Amino acid sequence: MDPLHLRHAATSLVIGFDNGEAEVIHWGADLGAVLPDLGILVEPVPHSAIDARVPAGLLPQASSSWRGRPALRGQRIVDGVAGYDFSVRLRVTEVQVKGNAAIIVQADPDAGVTVSTDIALHDGGLLELRHTLTNHGSSPYQLDELATVLPVAPAAVELLDLTGRWCRENHPQRRPLHQGTWVRSGRHGRTGHDSSLLLAAGTEGFGNRHGKVWATHLAWSGDHEQFADTLADGRTMVGGSELLGSSEVILAPGASYTTPALFAAYSDRGLDGISESFYSWFRSRPQHVNNSKPRPVVLNTWEAVYFDHNLESLIGLAQSAADLGVERFVLDDGWFRGRRDDRAGLGDWYVDEDLWPNGLAPLIEAVTSRGMEFGLWVEPEMVNLDSEVARAHPDWIVSPSALSHKDGGRLPLEWRNQHIIDLVNPEAWQYIFGQIDALLRDNNISYLKWDQNRDLTEHGHAGRPSVHAQTLAAYRLFDELKKAHPAVEIESCSSGGARVDLGILERTDRIWASDCNDALERQSIQRWTGLVVPPELVGSHIGPTTSHTTARTHDLSFRAITALFGHFGMEWDIRQVSGAEREELKRFIGLYKEHRGLLHTGRMVRADVGDPSLMLHGAVGTSVEEGTTAALFALVSTRTSFAEQPGRIAIPGLVPDRHYRVEAIFPGPADADYAHTFTQIQPPAWLAEGAQASGRFLAEVGLPMPILNPEHAILLKFSNA
Ligand code: GLA
């Protein structure tokens, strides 16, 4: 059978079938249309090994002598005894190709197992792979793991992945690739603050804009593993799988299991090339929210008023927001029955009659009559024991026990005083759907901030593990509510960024990257979240002057320049902001509105700056008209530098032969924050009047930059000259 060759956007995927199974021959750079006879790739066979070459299967299997992590682990249960058909021998039975997509079916008729693999190479070079396993046997088949993996070239010698915690999501860690398996396990029942958004293997020292990189992401919001497996024979596979609980998936005869999608990107231009593939995929989806309307300026009430809900005061906040040019007002936690703090009320999705005797209508009216959309916070998957629903339906609370809580079943430990509603129970699912559906029907709500504030620990249904089923049931809740209310946008929040993955982003329109609104932390959180998720989908708010989560104090310009490179908003009691600071805030809102088209469609550029105290990033657009903004960059100082002055900083990513006019647009000499921003007797010569240079000059020579104080930033605008 001829090899399968998918090519797109400088990426090739070649799958051969010579061995009878599907083998990934190449994933990486485009190889051109004509392939040689792949027989040239047959490797030598070493001593003291199986007497044949070992293919890097699309599903690596022990029956081909794969001694690394197998893609499939499972067993047949015959007459109540498990362990049969533990080793399969999958052979290709069918290959269908349609454009840049293919379906490869491999089967082992003796073991009664068939695996069908869907592969698509999207515009922009992003590869999407998922397997479906079907039990064709006559007895149940227990699936322990089905992983989706890809080989990376031997040139990849370093691994970068991300980790984090509450208020410090998506921080990178790097290590050399040694023999052995590097596994990132997520047992949170949700994606997790520490989950690796991306696992990237690359050539030595790969950076933002240099080096070859092979990167994967697992699109799943439940338990999962992502790994890099380097074998003694020198080969490395990268990939991921859903982490299934004990006997969680037992397939009856004829039943199937489908893996989460593995997304994979290759770049020969460092991490920026990886981001480009992901962004291009996001932006080409029909439901991509930025394609229908610009992302509105948000005011979220959380860090402004917390649980202190009061109609008059909230109308004051709405008025203040409208005066500043806010376009969406989001009422956060605290509006529903009994919810005076975080100890009660979750699950009772009724407007609190004491606080809101006339419902939410008066506030919604105050918001919408001022030209803003109204958004509402909900946390549908959760329940407090102190709630009407928990008292009426204790059997709806998730428990590891076969007995329901009603009959004395043990509950998992509390987390923020809350438990989980068992969405696998159809009645509970229907109740939650009905409540949220009614809220959306009865009120003029354009937006839901959908929160999820605890790990799913000891998560069971009827005494058996059920994170898998719960994750699918939660997905179905999103999907059905979206179907019933297609115009309502949904944000995925999970104590900040604990549910950021392409599974949840398939059904939501933005993520809340972190509960930390400290601009310094946000610089890093947003940079690394932005490795995969484009800025128009990453909520980014100006928080209070002194951060509530770190107690650091930052000038408004630093907070605002940070928030500008995401879906911009505020989470701050802006009624208290007056005088020059209010004028500055207004200017930033104006700047965001003026440039959001560019910021949310442009190519994201992150420079490799030698000085570790500086970050330079920007959005580069495609416009060529004279005078129009072609790019916006921020130069950010995160700490003091080892150098007296930054010297010339190269600005990459502009069009080499185009001429640009560059100017610093914030802060300028007239702005309140100007004096704090720099520490210099004299600024670089070009700063006062701006400068003109070609993209090539700016990338190769750069510009001498002003000396920034730590935790300050300047905004640079590049117009077509
Ligand atoms: C979580 C969210 C916050 C806020 C609170 C409300 O922590 O991440 O943004 O909505 O819940 O309780």
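Counting only residues that are open to solvent by 10 Å² or more (accessible area, probe 1.4 Å) and among the hydrophobic types (A, V, I, L, M, F, W, C), which one in segment 220-238 is nearest to the chain's Cα centre (by Cα)?
Ranking the candidates gives 220 first.
Output the residues belonging to segment 253-303 that are open to solvent by less than 40 Å² (accessible area, probe 1.4 Å), over 30 Å from residue 317 (Cα atoms) and part of a strand (DSSP E or B).
257, 261, 262, 263, 264, 265, 266, 267
Can you find, within segment 286-310, the residue that is nearest to residue 593 (Cα to Cα) among those that are of a type in the set (S, T, N, Q) and within 13 Å of the ligand (Cβ to nearest atom)?
Step by step, filter segment 286-310, then rank; the result is 300.
Which of the strands (runs of 3 or more DSSP E) found entirely inside segment 646-721 contain at least 1 residues meeting this: of a type in the set (D, E, K, R) and over 31 Å from the mean Cα position of the chain (by Cα)? So that I can check it myself, show each step before the final result.
Values: elements: 659-666, 691-694, 712-720.
Of the strands (runs of 3 or more DSSP E) lying wholly inside segment 646-721, those with at least 1 residues that are of a type in the set (D, E, K, R) and over 31 Å from the mean Cα position of the chain (by Cα) span 659-666.
Determine whether residue 333 is of a type in the set (Asp, Glu), within 16 Å of the ligand (Cβ to nearest atom) and either in contact with a Pro (Cβ under 8 Å, 6 or more places away or on another chain) or open to solvent by 10 Å² or more (accessible area, probe 1.4 Å) (or both).
Details: of a type in the set (Asp, Glu): yes; within 16 Å of the ligand (Cβ to nearest atom): yes; either in contact with a Pro (Cβ under 8 Å, 6 or more places away or on another chain) or open to solvent by 10 Å² or more (accessible area, probe 1.4 Å) (or both): no.
In short, no.
Check segment 647-661 and report whether any residue there is modelled with pLDDT of 95 or more, farther than 27 Å from residue 210 by Cβ and surrounded by 13 or more Cβ atoms within 10 Å (Cβ to Cβ).
Yes: one or more hits.
Kindly list, by first and then second residue, each pair from a residue in segment 694-713 that is modelled with pLDDT of 95 or more to a residue that is basic (Lys, Arg) and open to solvent by 50 Å² or more (accessible area, probe 1.4 Å), limited to pairs with Cβ atoms under 6 Å and residues at least 6 apart or on different chains.
Between residues of segment 694-713 that are modelled with pLDDT of 95 or more and residues that are basic (Lys, Arg) and open to solvent by 50 Å² or more (accessible area, probe 1.4 Å), the close pairs are 695/658; 702/648; 704/648; 710/639.
From (1) within 16 Å of the ligand (Cβ to nearest atom); (2) part of a loop (DSSP other than H, G, I, E, B); (3) open to solvent by 10 Å² or more (accessible area, probe 1.4 Å), pick out the condition that doesn't hold for residue 339.
Of the numbered conditions (1) within 16 Å of the ligand (Cβ to nearest atom); (2) part of a loop (DSSP other than H, G, I, E, B); (3) open to solvent by 10 Å² or more (accessible area, probe 1.4 Å), the odd one out for residue 339 is (3).
Which residue out of 695, 690 is touching a Lys or Arg at 6+ places or on another chain (Cβ under 7 Å), under 27 Å from residue 273 (Cα atoms) and not assigned by TED's automatic domain parsing to the domain that holds residue 580? Show your work before the answer.
Values: 690 fails: under 27 Å from residue 273 (Cα atoms).
Testing whether each residue is touching a Lys or Arg at 6+ places or on another chain (Cβ under 7 Å), under 27 Å from residue 273 (Cα atoms) and not assigned by TED's automatic domain parsing to the domain that holds residue 580 leaves just 695.
Please state which of the following conditions residue 381 fails to meet, knowing it meets all the rest: (1) over 27 Å from the mean Cα position of the chain (by Cα); (2) among the charged types (D, E, K, R); (3) at pLDDT 95 or above.
If we test residue 381 against (1) over 27 Å from the mean Cα position of the chain (by Cα); (2) among the charged types (D, E, K, R); (3) at pLDDT 95 or above, just (1) comes out false.
With the condition being surrounded by fewer than 21 Cβ atoms within 10 Å (Cβ to Cβ), within 16 Å of the ligand (Cβ to nearest atom) and not assigned by TED's automatic domain parsing to the domain that holds residue 538, I'd like the strands (runs of 3 or more DSSP E) fully within segment 447-526 carrying at least 2 qualifying residues. Lay out the reasoning, then the answer.
Details: elements: 447-450, 489-492, 510-512.
Ranges flagged: none.
Would you check if residue 186 is in the same structural domain as residue 129 (by TED's automatic domain parsing) and at positive phi?
no
Any idea which of 315, 250 is out of contact with any Ser or Thr (no Cβ under 6 Å at 6 or more places or on another chain), over 19 Å from residue 599 (Cβ atoms), in the same structural domain as residue 183 (by TED's automatic domain parsing) and surrounded by fewer than 22 Cβ atoms within 10 Å (Cβ to Cβ)?
None of the others qualify; the one that does is 250.
As an exercise: evaluate residue 671 against (1) charged (D, E, K, R); (2) touching a Leu at 6+ places or on another chain (Cβ under 6 Å); (3) surrounded by fewer than 20 Cβ atoms within 10 Å (Cβ to Cβ) and give the number of the one condition it does not meet.
(2)
What is the residue count in segment 90-113 for residues that are touching a residue at least 24 places away in the same chain (Cβ under 8 Å), part of a loop (DSSP other than H, G, I, E, B) and within 36 Å of the chain's Cα centre (by Cα)?
Matching residues across segment 90-113 total 2.
When only residues in segment 1-24 that are in contact (Cβ under 8 Å) with a residue 24 or more places away in the chain and open to solvent by 40 Å² or more (accessible area, probe 1.4 Å) count, which is farthest from residue 125 (Cα to Cα)?
19
Of all residues being within 16 Å of the ligand (Cβ to nearest atom) and over 28 Å from the mean Cα position of the chain (by Cα) in segment 385-438, which is most open to solvent (accessible area, probe 1.4 Å)? Just the residue, please.
My answer is 386.
Among residues belonging to segment 48-65 that are under 23 Å from residue 15 (Cα atoms) and polar (S, T, N, Q), point out the one that is most open to solvent (accessible area, probe 1.4 Å).
If we take residues in segment 48-65 being under 23 Å from residue 15 (Cα atoms) and polar (S, T, N, Q), then 63 is most open to solvent (accessible area, probe 1.4 Å).
Could you figure out which of (1) open to solvent by less than 50 Å² (accessible area, probe 1.4 Å); (2) part of a strand (DSSP E or B) isn't true of residue 68?
(2) is the only condition that residue 68 fails.
The values are calculated or read from the model by the stated rules, or taken from the named source; none is laboratory data. Quick caveat, the model's predicted, so the values are computed rather than measured. Please note: Cβ atoms are built from the backbone with ideal geometry, for glycine as well, and neighbour counts cover all protein chains shown. Each accessible area value is taken on the protein alone, full model and side chains, heavy atoms only, with ligands, DNA and RNA left out. Shrake-Rupley method; radii C 1.70, N 1.55, O 1.52, S 1.80 Å.
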